[in-house]
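The values are calculated or read from the model by the stated rules, or taken from the named source; none is laboratory data. These numbers come from a predicted model, not from an experiment. Neighbour counts run over all protein chains shown; Cβ positions are idealised from the backbone, glycine included.
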């Protein structure tokens, strides 16, 4: 396992693996109950989950597509950081869990959607931890740009 704060390209420079994702929104500030095992083996608080990364690929004729596992860093923080890194190439889409399920995270659904709107994403593929309430609100706002993720799907981004 590689745990490095530096960004890098992988697989013959075809994909970009981010480094640490800056936390810039006031509402995407981590997961308070999150813990990690410290160097001494003891569990310690890890609310910001600073070792989370995103994977990016440039799809010719579309722009950058981001793959963001659970988005513990916050999907707006992820897209904001990627937009800065890849400017002037637009961010075309995001694929992954948006971590908007559960009482602690559902309070951020509307603000997350409003902030995502400024990126004019062509595709949003929300996965497992997005939650049904957030998925329905994403569809209401972004219509056909949203394709809820399911096992075995093939996407034309």
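Summary of computed values
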read-out	value
Pick from the range 7-35, criterion modelled with pLDDT of 90 or more and part of a strand (DSSP E or B), ranking: farthest from residue 106 (Cα to Cα)	15
Filter pass, residue 153 being free of Cβ contacts under 8 Å to residues at least 40 places away in the same chain, surrounded by fewer than 16 Cβ atoms within 10 Å (Cβ to Cβ) and outside any strand (DSSP E or B)	yes
Top-ranked residue of the range 6-28 - restricted to ones that are without any contact (Cβ under 8 Å) to a residue 24 or more places away in the chain and either touching a helix residue (DSSP H, G or I) at 6+ places or on another chain (Cβ under 7 Å) or more than 20 Å from residue 65 (Cβ to Cβ) (or both), ranked as surrounded by the most Cβ atoms within 10 Å (Cβ to Cβ)	6
Neighbours by Cβ (under 6 Å, 6+ apart or cross-chain): first from the range 106-118, touching a residue at least 12 places away in the same chain (Cβ under 8 Å) and at negative phi; second surrounded by 12 or more Cβ atoms within 10 Å (Cβ to Cβ) and outside any helix (DSSP H, G or I)	108/27; 109/100; 111/27
Considering residues of the range 36-57 that are within 15 Å of the chain's Cα centre (by Cα) and more than 16 Å from residue 99 (Cβ to Cβ) only, the residue surrounded by the most Cβ atoms within 10 Å (Cβ to Cβ)	56
Residues satisfying the stated conditions in the range 69-88, i.e. over 17 Å from residue 26 (Cβ atoms) and touching a residue at least 24 places away in the same chain (Cβ under 8 Å)	69, 70, 82, 83, 85, 86
Those helices (runs of 4 or more DSSP H) lying entirely in the range 58-147 with at least 2 residues modelled with pLDDT of 95 or more and surrounded by fewer than 17 Cβ atoms within 10 Å (Cβ to Cβ)	75-86, 109-117, 132-142
